[in-house]
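The block underneath contains the structure these notes are about, expressed in structure tokens.
Just so you know, all these numbers are worked out from the coordinates, no wet-lab data involved. Being a predicted model, the structure only gives us computed values, none of them experimental. Here Cβ is always computed from backbone atoms with ideal geometry, including for glycine, and neighbour counts include all displayed protein chains.
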Amino acid sequence: MRKITLVAGPTGVGKSEYALKLAKEQDAAVISVDAFQVYRGLDIGTAKLTLAERQGVPHYAIDIVEPTQDFSVADYVQYVENLLTGELTERNIIFCGGTGFYYNALLNGLSLPIAAKDETLRRRLRARAAENGREWLWDKLKKVDPAAAAKIHANDLFRVVRALEVYELTGQKISVQQKKRPSILGQDYRIIGLTMPRAELYARLDARVEHMFEHGLLDETRGLLARGCTPELSSMQAIGYKEALRYLQGLSDREKMLAEIKQNPRNFAKRQYTWFRAFKDVHWQEVN
């Protein structure tokens, strides 16, 4: 019987290295649980392991869509389900990443709204957000579906747009319309949570930022701009890229960009701890 292990924890704690070691011990495949590593071209800012660094261990859910495409949590769950029932049916699996709502969908099932996508409507809603601000668009959602707005952060443009899209297409609130799909993992898995002292984690995060710039984060972001990436895209919400993008567009100076790129991962790490501590039966291990 195959083993399924989930390796979770805050950004910068060393999940990828830990998962790689575990995968080699168990002859397992690694499935990324990262909302931004799915995008091609987002390499430096998402700290993707290179092919050489993967040491022959197969990795999945990495580089599977273009950065100009939308990729939702529902798309992710479907992708993983196809792997588990197809190519990786008999393989031990290590899930590794820090995207809490992806983990939540894997563990607790997914609420799937009954509505198709409408790219024209999505572009219109994003344009309104760009013109009036994300808070304005979230307020619009709050008026038509306060229950959904209470669960979605005002800065989560993708989910705000999706909720408004469902409402405008169907005339029904997404909070009412959603139906529950059960977990695709079942009950036979274990969760390992990695942690370390806060000061040490912050020092690692600062070092990671320096590494990102030394290895060409700005050039990578320029390349994404050249490929048609714009600020409202889901891919461009990744920490590092959104700040670099504002700088390259003349909306921020270098000092402010660097300060934000160092502070935002710390804020994100706090939110990740909140996510993962809410999960049941997490075996926490301190990294040293």
| query | So how do W275, W138 line up by other beta-carbon neighbours within 10 Å, fewest first? | reply | W275, W138
| said: Checking the a/c ratio against 1.5 first, then a/b against b/c, what shape does the Cα gyration tensor give for region 119-177? | reply: oblate
| task | Counting other beta carbons within 10 Å of each Cβ, put Y241, Y76 in order, fewest first. | result | Y76, Y241
| Amide H neighbours of G97 under 5 Å, counting only residues 5+ apart in sequence or on other chains, H built in-plane at 1.01 Å? | V7, V33
| task | Treat each spin label as a single point 7 Å out from the Cα along the C-beta direction, and report the K24 to R2 distance in nm. | result | 2.2 nm
| query | How would you order 41-49, 244-252, 206-214 from highest to lowest mean count of nearby Cβ atoms within 10 Å? | reply | 41-49, 244-252, 206-214
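From the square roots a ≥ b ≥ c of the eigenvalues of the alpha-carbon gyration tensor of region 198-271, which class results: rounded (a/c under 1.5), prolate (a/b over b/c), or oblate? Walk me through the intermediate numbers first.
Working: a/c = 1.95, a/b = 1.69, b/c = 1.15.
Cα axes put region 198-271 in the prolate bin.
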| Hypothetical label at K280: residues of region 1-19 whose amide nitrogen lies under 14 Å (7 Å Cα-Cβ projection) | none
| How much length, in nm to one decimal, is gained on full extension between A154 and Q78, taken as 0.36 nm per residue of separation minus their Cα-Cα distance? | 24.7 nm
| said: Through the Karplus equation 6.51 cos²θ - 1.76 cosθ + 1.60, θ set to phi - 60°, convert the phi angles of region 213-219 into ³J(HN,Hα) values in whole Hz; use x for Gly and Pro. | reply: 6, 5, 9, x, 4, 5, 5
| query | Using a cut-off of 20 Å between alpha-carbon atoms, which aspartates and glutamates can reach K143, once sequence neighbours fewer than 8 places away in the same chain are excluded? | reply | E131, E135, D156, E165, E168
| query | Between E214 and F101, what length comes free when the chain is fully extended (0.36 nm per residue of separation minus the Cα-Cα distance, one decimal in nm)? | reply | 37.6 nm
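Rounded to the nearest 5, what % of the DSSP beta bridges within the chain are antiparallel ones?
Numbers: 3 of 24 bridges.
Among the beta bridges of the chain, antiparallel pairing accounts for roughly 10 percent.
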| How far apart, in nm, are the 7 Å Cα→Cβ label points at T230 and V144? | 2.0 nm
| task | Compute the distance in nm between two label points, each set 7 Å from the Cα along the Cα-to-Cβ direction, one at Q237 and one at V287. | result | 2.4 nm
| request: Please work out the Cα center distance from region 209-286 to region 54-70, rounded to the nearest Å. | output: 18 Å
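Before rounding to the nearest 500, sum -39500 (n - 2.57) across all DSSP H runs of length at least 4 in the chain and divide by the residue total; then give [θ] at 222 nm in deg cm²/dmol.
Computed ellipticity for the chain at 222 nm equals -15000 deg cm²/dmol.
Which FRET efficiency value, to the nearest 0.05, do you get for K270 and Q55 by plugging their Cβ-Cβ distance into 1/(1 + (r/R0)^6) with R0 = 45 Å?
So, using R0 = 45 Å, E works out to roughly 0.90.
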| request: Could you name the lysines whose alpha carbon sits less than 18 Å from that of K117, not counting residues in the same chain fewer than 8 places away? | output: K173, K179
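With a ≥ b ≥ c taken as the square roots of the eigenvalues of the C-alpha gyration tensor of the chain, please select rounded if a/c is under 1.5 and otherwise prolate if a/b is larger than b/c or oblate if it is not? Could the numbers behind the result be given before it?
On the way: a/c = 1.64, a/b = 1.14, b/c = 1.44.
Oblate is the answer for the chain, as a/c is 1.5 or above yet b/c matches or exceeds a/b.
Anything over 19 Å Cα to Cα? Flag those among K21/K48; K140/K270; K21/K262, in the order listed. Could you put the intermediate results ahead of the total?
On the way: K21/K48 16 Å; K140/K270 28 Å; K21/K262 28 Å.
In this structure, K140/K270; K21/K262 lie more than 19 Å apart at Cα.
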